[in-house]
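Below you'll find the structure, written out as structure tokens, and then a few comments.
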């Protein structure tokens with residue numbers, strides 16, 4: 001595993017918030033949270049180009065939200081839930097519980 | 001008050017997270033949270049240009065984190081704590097409780 005992953009105690013709240021503050025990345029985090037264990041990146045239903053997806057995976061990994069490793073030729077990814085809950089208690093729970101805005105009448 | 005402010009039930013979690021995911025804006029939010037009531041924008045110790053400050057105030061206001069109104073020729077700003085706590089329970093508490101990363105030995 002050569003890609004950069006910050007250690008748990010080096011996670012920065014502003015980086016985590018910025019990474020979560022994007023609808024595609026938030027969707028990925030919701031999907032990973034709902035999945036037991038790890039997923040291959042290709043298994044997530046993302047309607048974006050490969051280059052855009054690669055960018056989002058990198059932002060999530062470098063902020064410390066996800067962990068990646070190679071599984072053969074595929075990239076497996078998992079949510080660093082324990083690390084996030086330890087460094088920023090309650091944050092991910094609050095984010096994942098957030099509801100969509102009310103519809104305009 | 002003519003500047004755009006989203007209604008409480010229209011706040012978007014991704015916009016709020018993106019707005020909080022910046023060290024200057026997070027510093028402003030911490031400062032406002034520690035202040036009783038509202039502050040004038042000029043009273044915050046920001047070491048940035050006026051144009052940059054204006055940008056950050058706008059991002060905070062348009063995401064629904066702050067409320068602004070004119071007080072004479074000054075702009076007063078306050079944290080929409082109750083709106084945020086109602087729409088996203090626990091979020092701001094978790095963000096404000098976040099600690100800095102451990103120092104490298």
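The values are calculated or read from the model by the stated rules, or taken from the named source; none is laboratory data. Since this is a predicted model, take the numbers as computed values, not measurements. Methodologically, a virtual Cβ is constructed for each residue, glycine included, from the backbone with ideal geometry; neighbour enumeration extends over all protein chains shown.
Consider region B:57-79. How many of its residues are within 14 Å of chain A (Cβ to nearest Cβ) and either without any contact (Cβ under 8 Å) to a residue 24 or more places away in the chain or surrounded by fewer than 20 Cβ atoms within 10 Å (Cβ to Cβ) (or both)?
Start the filter on region B:57-79 by keeping residues that are within 14 Å of chain A (Cβ to nearest Cβ), which leaves B:59-60, B:62-65.
In the following step, the residues that additionally are either without any contact (Cβ under 8 Å) to a residue 24 or more places away in the chain or surrounded by fewer than 20 Cβ atoms within 10 Å (Cβ to Cβ) (or both) were identified as B:59, B:62.
Residues flagged as within 14 Å of chain A (Cβ to nearest Cβ) and either without any contact (Cβ under 8 Å) to a residue 24 or more places away in the chain or surrounded by fewer than 20 Cβ atoms within 10 Å (Cβ to Cβ) (or both) within region B:57-79 amount to 2.
Evaluate region B:31-51: report whether one residue or more is within 11 Å of chain A (Cβ to nearest Cβ) and under 21 Å from residue A:90 (Cα atoms).
Filtering region B:31-51 down to residues within 11 Å of chain A (Cβ to nearest Cβ) leaves none.
Within region B:31-51 (the criterion being within 11 Å of chain A (Cβ to nearest Cβ) and under 21 Å from residue A:90 (Cα atoms)), the answer is no, since none of the residues qualifies.
Given the residues A:18, A:76, which is the only one that is at pLDDT below 95, at negative phi and in contact with a helix residue (DSSP H, G or I) (Cβ under 8 Å, 6 or more places away or on another chain)?
Of the residues listed, the single one that is at pLDDT below 95, at negative phi and in contact with a helix residue (DSSP H, G or I) (Cβ under 8 Å, 6 or more places away or on another chain) is A:76.
Name the single residue, out of those in region A:93-104 being free of Cβ contacts under 8 Å to residues at least 60 places away in the same chain and in contact with a helix residue (DSSP H, G or I) (Cβ under 7 Å, 6 or more places away or on another chain), that is surrounded by the most Cβ atoms within 10 Å (Cβ to Cβ). If you could, list the steps in order and put the result at the bottom.
Taking region A:93-104 and keeping what is free of Cβ contacts under 8 Å to residues at least 60 places away in the same chain, we get A:93-94, A:97-104.
Now drop any that are not in contact with a helix residue (DSSP H, G or I) (Cβ under 7 Å, 6 or more places away or on another chain), which leaves A:94, A:98, A:101-102.
Working: A:94: 18, A:98: 20, A:101: 17, A:102: 12.
Among those that are free of Cβ contacts under 8 Å to residues at least 60 places away in the same chain and in contact with a helix residue (DSSP H, G or I) (Cβ under 7 Å, 6 or more places away or on another chain), it is A:98.
Considering each residue of region B:3-14, count those that are over 13 Å from residue B:58 (Cα atoms), more than 8 Å from chain A (Cβ to nearest Cβ) and either in a loop (DSSP other than H, G, I, E, B) or touching a strand residue (DSSP E or B) at 6+ places or on another chain (Cβ under 6 Å) (or both), and give that number. Talk me through it step by step, then tell me what you get.
The first filter runs over region B:3-14 and keeps only residues over 13 Å from residue B:58 (Cα atoms), leaving B:7-14.
Still in the list and also more than 8 Å from chain A (Cβ to nearest Cβ): B:7-8.
Next cut, either in a loop (DSSP other than H, G, I, E, B) or touching a strand residue (DSSP E or B) at 6+ places or on another chain (Cβ under 6 Å) (or both) only: B:7.
Qualifying residue count, region B:3-14: 1.
Taking the conditions exactly as written (in contact (Cβ under 8 Å) with a residue 60 or more places away in the chain, in contact with a strand residue (DSSP E or B) (Cβ under 8 Å, 6 or more places away or on another chain) and surrounded by 13 or more Cβ atoms within 10 Å (Cβ to Cβ)), does residue A:29 satisfy them or not? Working first, answer last.
Values: in contact (Cβ under 8 Å) with a residue 60 or more places away in the chain: yes; in contact with a strand residue (DSSP E or B) (Cβ under 8 Å, 6 or more places away or on another chain): yes; surrounded by 13 or more Cβ atoms within 10 Å (Cβ to Cβ): yes.
The answer is yes for residue A:29.
Out of (1) within 10 Å of another protein chain (Cβ to nearest Cβ); (2) touching a strand residue (DSSP E or B) at 6+ places or on another chain (Cβ under 9 Å), the odd one out for residue A:17 is which?
For residue A:17, the exception is condition (2).
Residue B:82: away from every other protein chain (no Cβ under 14 Å), without any contact (Cβ under 8 Å) to a residue 12 or more places away in the chain and within 18 Å of residue B:5 (Cα to Cα), yes or no? Step through it out loud before you land on a result.
Numbers: away from every other protein chain (no Cβ under 14 Å): yes; without any contact (Cβ under 8 Å) to a residue 12 or more places away in the chain: yes; within 18 Å of residue B:5 (Cα to Cα): yes.
Yes; evaluated as a whole, the condition is true for this residue.
Can you tell me how many residues in region A:36-93 are in contact with a strand residue (DSSP E or B) (Cβ under 8 Å, 6 or more places away or on another chain) and either outside any helix (DSSP H, G or I) or farther than 19 Å from residue B:18 by Cβ (or both)?
Selection size over region A:36-93: 20.
For region B:1-17, how many residues are closer than 15 Å to residue A:12 by Cβ and surrounded by fewer than 21 Cβ atoms within 10 Å (Cβ to Cβ)? Full working, then the answer.
As a first pass, look at region B:1-17 and keep what is closer than 15 Å to residue A:12 by Cβ: B:17.
From the residues that got through so far, the ones that are surrounded by fewer than 21 Cβ atoms within 10 Å (Cβ to Cβ) too are none.
Total satisfying the criteria: 0.
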